[in-house]
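As structure tokens, the structure follows; a few thoughts come after it.
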Amino acid sequence: MALVRVGDVLLQEHIITEEQMEKALTEKEPDERIGETLIRLGYATESQILKALESTTGVPRVSLSKYGFDEAAFELVDEEYCLRNHIIPMKIEGKHLRFATADPLDFSVVEELRVLTGLKPVAVSATRREIETEIAKYYGFSRTLEELETMESTEEQDVTFDPTPMVQLVNQLLTSALFQRASDIHIDPLDDRIVVRYRVDGSLETVREFPVGIKNQMTSRIKIMADMDITETRIPQDGRIRRTISGTTIDLRISTLPTVRGEKVVMRLLDLSKSINKISYLGLSPSDEAQIRKMVAKPHGIILASGPTGSGKTTTLYACLHELNDPSVNIITVEDPVEIRMEGINQVQVRTAVNLTFANALRSILRQDPNIVMIGEIRDVETAEIAVRASLTGHLVLSTIHTNDAVKTVTRLLDMKIEPFLIASSLSGIISQRLVRRLCEECKTQSPATASEKEFFAKYKIEVETLRRPKGCPTCNSKGYSGRIGVFEILEITEEFRELISENASVIQLERAARKQGMKTLMESSLDIVKEGITTLEEIMKAAQD
């Protein structure tokens, strides 16, 4: 009966249709619950299923990130059992054990917990990802720290310490970061403690604090993993680690920086198990997608992705390469570093220590009979000149450049003393972009636009009556946002625009010409997705101000 009631709730809430429900019932595996089938088929999210189960079972849905955990409860149930059954103990309340479960209908777990703990289990529900995140965050950390505290920890500690507890601690940090979808891990030394922060959806948040006494051990362990010099603490170092965590292969780029309080460590996580995005997955509008496809279809010319660090430029270029990747063409890249390894593409890592710079690598690449060349970044005049020369000799060149918008990319090349007629002849198009946080689909609300918001939209000739707002729920860890989306400004270099570049036109003239030929600015593109309810005005004001 419970299964039918869950489906009825989803139907009443218009989360699924009658047809989807019928198909789910038809395709349900023998040992599968209807909710699991709906999630597998993509008809509903895990959070929507749990919300429906709250109505049918009375098991409340909670946000684990806001819940206070009693670490004494972890002594009652081991980590392996929790991971296998997707549960985590939360608090001992007299003769009751409150625990979170991803499956409120698994009544056998309640009985097993009753036997294991001698307490009466009381369930709340949370998604598997939330539970896995909290298991990674709490289980093992306390035990590992206790083991480390029994060892002598001083500022001058010898690096030949027993590494086992620290190996576990670093692995737990990586696992926790992966479950929380972090792109970077920051390990900051302070006078009295070590602060660990994760960057999630572009924002840093503190997740753990550790005793300052383990600072040298932690840094040394990470250096050993990345094949770095553990005895050198006076200069910055870079390294790389590849690990498989919970079945997911990740690549980590490691950077250390000496500070007055010790070495700061930053680890960037790249999930290698994810397929390279296609152009259609970038979140482009149909017109923008068509423009980019038109650019990459040309046999020669330069396509530049512009924007600040962390704006998704490299992801866009990889998406273009993914669709250009074919045995009939020779694609070579020169990158610093090679972020994602792609089969069928020859990727070159810049190594300044042996004078393998972008410019020097490009000279050799052009003797390798390439059809398509990707340059990680145009940083200097020499690289820019070689890129222009390559495009004029029949190669398609893709690269990134640090500029604020599409038109200013042209002036940046002029500032590099590239002749205007060369820029006009070689440039095919410019993609300027930013990343903004998406509103959480589970909890975003709608309310009337304020007078000031209407006035702001009106400046761009856009009318709005209502806007979506962040609220916060268990799915988004009460942030109101979940994931990110790109906003784009696409400038196609037309014949008219080439003439203006050749004539060394001013920025204002170029901007007017770009608008005349239909280019939407970053702000206009951003306001479109605000109106659609994908993000908020506050988010785009951070990223796309004119």
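The values are calculated or read from the model by the stated rules, or taken from the named source; none is laboratory data. Not measured: the values here are computed from a predicted model. Quick reminder, even Gly has a Cβ in these numbers, built from the backbone with ideal geometry, and neighbours come from all protein chains shown. Just the protein is used for accessible areas: all its heavy atoms, side chains included, with ligands, DNA and RNA removed. Shrake-Rupley method; radii C 1.70, N 1.55, O 1.52, S 1.80 Å.
Quick notes on this one:
- Computed per residue of the chain from DSSP H runs no shorter than four, each worth -39500 (n - 2.57), the mean residue ellipticity at 222 nm is -11000 deg cm²/dmol.
- Protection-proxy order for peptides 530-540, 514-524, 235-245, each taking the mean of Cβ atoms within 10 Å per residue, highest first: 530-540, 514-524, 235-245
- Mean projected area in nm² (Cα convex hull; one quarter of hull surface) for the chain: 30.3 nm²
- Length gained when the stretch residue 238-residue 206 is fully extended (0.36 nm per residue, less Cα-Cα span): 9.2 nm
- Apportionment of accessible area to carbon and sulfur, the stretch 79-124, percent (1.4 Å): 55 percent
- Translational diffusion of the stretch 42-101 was estimated from the Stokes-Einstein equation, with Rh taken as the Kirkwood radius over Cα pairs; at 10 °C and 1.306 mPa s the coefficient is 122 µm²/s.
- By average C-beta atoms within 10 angstrom, highest first, the peptides 395-407, 327-339: 395-407, 327-339
- Computing Rg and the Kirkwood Rh from the Cα coordinates of the stretch 387-545 gives a ratio, Rg/Rh, of 1.08.
- Note on residue 499 and residue 280: with the Förster distance fixed at 25 Å, the Cβ-Cβ geometry gives a FRET efficiency of about 0.15.
- The mean sequence separation of alpha-carbon pairs under 8 Å and at least six residues apart, normalised by the residue count of the stretch 246-319, gives a relative contact order of 25 percent.
- Ordering of 300-306, 179-185, 490-496 by packing [mean C-beta count within 10 Å, highest first]: 300-306, 179-185, 490-496
- Beta bridges per DSSP with both ends in the chain, % antiparallel, nearest 5: 65 percent
- Remark: the residue 466-residue 13 segment gains 160.9 nm on full extension, using 0.36 nm per residue and subtracting the alpha carbon distance.
- Its relative contact order, with pairs defined as Cα atoms under 8 Å and 6+ residues apart, puts the stretch 434-546 at 34 percent.
- The modelled label-to-label distance between residue 445 and residue 191, using points 7 Å beyond Cα along the C-beta direction, is 4.2 nm.
- Shape parameters for the stretch 184-309, alpha-carbon atoms, Rg then Dmax in Å: 19.5, 59
- For the chain, the list of Cys residues with no other Cys C-beta under 4.7 Å reads 82, 320.
- Label point 7 Å beyond Cα of residue 83 along Cβ direction - residues of the stretch 220-253 with amide nitrogen under 12 Å: 245-248
- Note on the stretch 461-505: semi-axes of the ellipsoid equivalent to its C-alpha gyration tensor, largest first and rounded to whole Å, are 43, 16, 7.
- Rh (Kirkwood; distinct C-alpha pairs) - the stretch 1-69, Å: 12.5 Å
- Normalising the Debye intensity of the stretch 1-144 to I(0), with uniform scatterers on Cα atoms only, and taking log10 at q = 0.19, 0.20, 0.22 Å⁻¹ returns -1.08, -1.16, -1.32.
- When you restrict to C-alpha pairs under 8 Å that are six or more residues apart and normalise by the size of the chain, the relative contact order lands at 10 percent.
- Whole-percent carbon and sulfur share, accessible surface of the stretch 157-262, 1.4 Å: 48 percent
- Dividing the C-alpha radius of gyration of the stretch 368-438 by 2.2 N^0.38 Å, with N its residue count, gives 1.15.
- Percent of Cα-Cα distances greater than 20 Å, calculated over the stretch 325-387: 21 percent
- Normalised per residue, the accessible area of the chain is 48 Å², obtained with a 1.4 Å probe and no contribution from ligands, DNA or RNA.
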